[in-house]
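Participant: The structure is given below, and queries will be raised subsequently.
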Number of protein chains: 2
Amino acid sequence: MAPTDKKDQKVSLHTVERLSVYRRKLEELSADEVEYIHSHQLAALVGVTPAQLRRDLASFGSYGNIARGYGVKQMSRTISQIIGTDSMQNVGLVGVGDLGRALLSYRGFEERGFHIAAAFDVDPDKVGRVFAGRRCYSLDKLETALVDLQIRILVLAARPEGLQEIVDRGVAAGIRSFLNFVPKTLTVPEGCFVEHIDISAKLEKLSFLSRQQNDRTEVAE
Amino acid sequence: MAPTDKKDQKVSLHTVERLSVYRRKLEELSADEVEYIHSHQLAALVGVTPAQLRRDLASFGSYGNIARGYGVKQMSRTISQIIGTDSMQNVGLVGVGDLGRALLSYRGFEERGFHIAAAFDVDPDKVGRVFAGRRCYSLDKLETALVDLQIRILVLAARPEGLQEIVDRGVAAGIRSFLNFVPKTLTVPEGCFVEHIDISAKLEKLSFLSRQQNDRTEVAE
């Protein structure tokens, strides 16, 4: 079946990951007041082949100008539209412990089009309170609040114990995407996605590397 | 050259990443009061082949008991010792903005053997103040404080502008490992490591996936 318009195109997750990298570099270039860039230059800066970069961009109809190259700001905007970070969507946060509160105060979510519309916790001392402008609901109200606030993404920052059950309830209530900050393996049905930000694993890797270096032991890549 | 003891072994980064995953699963099992596990069971739980798991563990001399399997707690402790998270090391934090303050209040660092011993910022309003028990130094004092506090790892949570110069100064002062939370590409000389925790990129991927699903458009894996 031939694609009829851009929205109907099959886009691979790997393409999205690369687009995200291109956009980051374009923002850096824009901050450095670079207005135009040729595809081979941008490809070299982000470490992909020029052919790969042109394929990724051409599939969305973003053709550059042969003489001057791509317009840096325009291309960055186009990528935002493709990724969908140019407008806000509501997300829910599960767990208002120290990590959860840290995430509530982190502006990066809003900058990328995510508004934490509600927080959930089991602790009766937290339920009903407002943290960084967001109301904390009892976890019992999860399903109701998700529907009321049109939340389709859950950010997970709760304790590992019982987290799978919360995910299962989210899935049953129509959540398809999870951003998991908890060092815990989760399973979701096909068609659902869990993105894992595993700070502990990164720390463990750095710890190992740093100690190996202090011991002057050779580290294999 | 043959390895003479454990410390002299060449350990690959991929092994460390897998060890980190094994340890996480072992902690979960321990929380569920599982005392022993057979290697093929653990391998299935973490999604590696039994042969791979046995190779990873055997290289450190961690042999299981044939009848009962591996002791869950003992194996978890052994992996901690190998990774080096069983004792504390000092790290420095660059940037005391909202992300930096969030990291200062995040207990996960201490739990993984990292003590944020000092924070650095350029803002005169922040310099000299104490945030979550840690003194904020002027970035001008970076080199001196790194030596005084025996810091070998820097956590980066500053603005992208000027970050590369801070990294260069860190490298010149003997820092070999960086944990970068800033959406910015950094370059370091050979023998130095940058681990990137890119929350923005994860958010962009989720944003795209979630919108595709709302549009009922097919997403290719």
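Participant: Considering only residues that are open to solvent by 30 Å² or more (accessible area, probe 1.4 Å) and either under 22 Å from B:R211 (Cβ atoms) or in contact with a helix residue (DSSP H, G or I) (Cβ under 7 Å, 6 or more places away or on another chain) (or both), which ones fall in segment A:113-129?
Facilitator: Across segment A:113-129, the qualifying residues are A:H115, A:V122.
Okay, residues lined up against (1) touching a Ser or Thr at 6+ places or on another chain (Cβ under 9 Å); (2) at pLDDT 80 or above:
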residue	(1), (2)
A:I66	no, no
A:S76	yes, yes
A:T85	yes, no
A:L103	no, yes
A:R107	no, no
A:A117	no, yes
A:V122	yes, yes
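Participant: Sticking with this one: In segment B:163-177, which residues are within 11 Å of another protein chain (Cβ to nearest Cβ) and out of contact with any helix residue (DSSP H, G or I) (no Cβ under 6 Å at 6 or more places or on another chain)?
Facilitator: Answer for segment B:163-177, where residues must be within 11 Å of another protein chain (Cβ to nearest Cβ) and out of contact with any helix residue (DSSP H, G or I) (no Cβ under 6 Å at 6 or more places or on another chain): B:L163, B:Q164, B:G174, B:I175.
Participant: Testing B:E143 on (1) away from every other protein chain (no Cβ under 12 Å); (2) closer than 29 Å to A:V21 by Cβ, one condition comes back false. Which one is that?
Facilitator: (2)
Participant: Looking at segment A:89-102, which of its residues are within 11 Å of chain B (Cβ to nearest Cβ), more than 23 Å from B:R211 (Cα to Cα) and aliphatic (A, V, I, L, M)? Spell out the reasoning first.
Facilitator: Taking segment A:89-102 and keeping what is within 11 Å of chain B (Cβ to nearest Cβ), we get A:89-91, A:97-102.
Right, trim to more than 23 Å from B:R211 (Cα to Cα) and you get A:97-102.
Of everything in segment A:89-102, those that are within 11 Å of chain B (Cβ to nearest Cβ), more than 23 Å from B:R211 (Cα to Cα) and aliphatic (A, V, I, L, M) turn out to be A:L99, A:A102.
Participant: Residue check: is B:A132 within 14 Å of another protein chain (Cβ to nearest Cβ) and open to solvent by 40 Å² or more (accessible area, probe 1.4 Å)?
Facilitator: yes
Participant: Restricting segment B:70-90 to residues that are of a type in the set (A, V, I, L, M, F, W, C) and assigned to a helix (DSSP H, G or I), which is nearest to the chain's Cα centre (by Cα)?
Facilitator: Only one residue tops the list, namely B:I83.
Participant: If you don't mind, there's one more thing I want to ask. When B:L93 is evaluated against the numbered criteria (1) assigned to a helix (DSSP H, G or I); (2) among the aliphatic types (A, V, I, L, M); (3) touching a residue at least 12 places away in the same chain (Cβ under 8 Å), which criterion, by number, is the only one it fails?
Facilitator: (1)
Participant: Give, as residue ranges, the strands (runs of 3 or more DSSP E) completely inside segment A:114-221 that count at least 2 residues that are in contact (Cβ under 8 Å) with a residue 60 or more places away in the chain.
Facilitator: Passing ranges, in order: A:153-156.
Participant: Moving on. Criterion first (over 17 Å from the mean Cα position of the chain (by Cα) and at pLDDT below 85) does A:L53 satisfy it?
Facilitator: For A:L53, the condition - over 17 Å from the mean Cα position of the chain (by Cα) and at pLDDT below 85 - is not met.
Participant: Would you call B:S105 in contact with a helix residue (DSSP H, G or I) (Cβ under 9 Å, 6 or more places away or on another chain), at the interface with chain A (Cβ under 10 Å from one of its Cβ atoms) and open to solvent by 40 Å² or more (accessible area, probe 1.4 Å)?
Facilitator: In short, yes.
Participant: Among the numbered conditions (1) at pLDDT 90 or above; (2) more than 7 Å from chain A (Cβ to nearest Cβ), tell me where B:D198 comes up short.
Facilitator: Evaluating B:D198 over (1) at pLDDT 90 or above; (2) more than 7 Å from chain A (Cβ to nearest Cβ) leaves (1) as the failure.
Participant: Answer with yes or no whether A:H14 is of a type outside the set (G, A, S) and at pLDDT 85 or above. Walk me through it before giving the result.
Facilitator: Values: of a type outside the set (G, A, S): yes; at pLDDT 85 or above: no.
It is false that A:H14 is of a type outside the set (G, A, S) and at pLDDT 85 or above.
Participant: Another question, then. So which residues in segment A:70-102 are touching a strand residue (DSSP E or B) at 6+ places or on another chain (Cβ under 9 Å), open to solvent by 10 Å² or more (accessible area, probe 1.4 Å) and closer than 17 Å to A:L154 by Cα?
Facilitator: Within segment A:70-102, A:T85, A:M88, A:Q89, A:N90, A:G97, A:R101 meet the criteria.
Participant: Take the residues in segment A:108-121 that are among the aromatic types (F, W, Y) and within 11 Å of chain B (Cβ to nearest Cβ); name whichever of them is farthest from B:A157 (Cα to Cα).
Facilitator: Result: A:F114.
The values are calculated or read from the model by the stated rules, or taken from the named source; none is laboratory data. This is a predicted model, so every value here is computed, not measured. In this analysis, Cβ positions are derived from the backbone assuming ideal geometry, glycine residues included, and neighbour counts consider all displayed protein chains. Areas reflect the complete protein model, heavy atoms only, side chains present, ligands, DNA and RNA absent. Shrake-Rupley method; radii C 1.70, N 1.55, O 1.52, S 1.80 Å.
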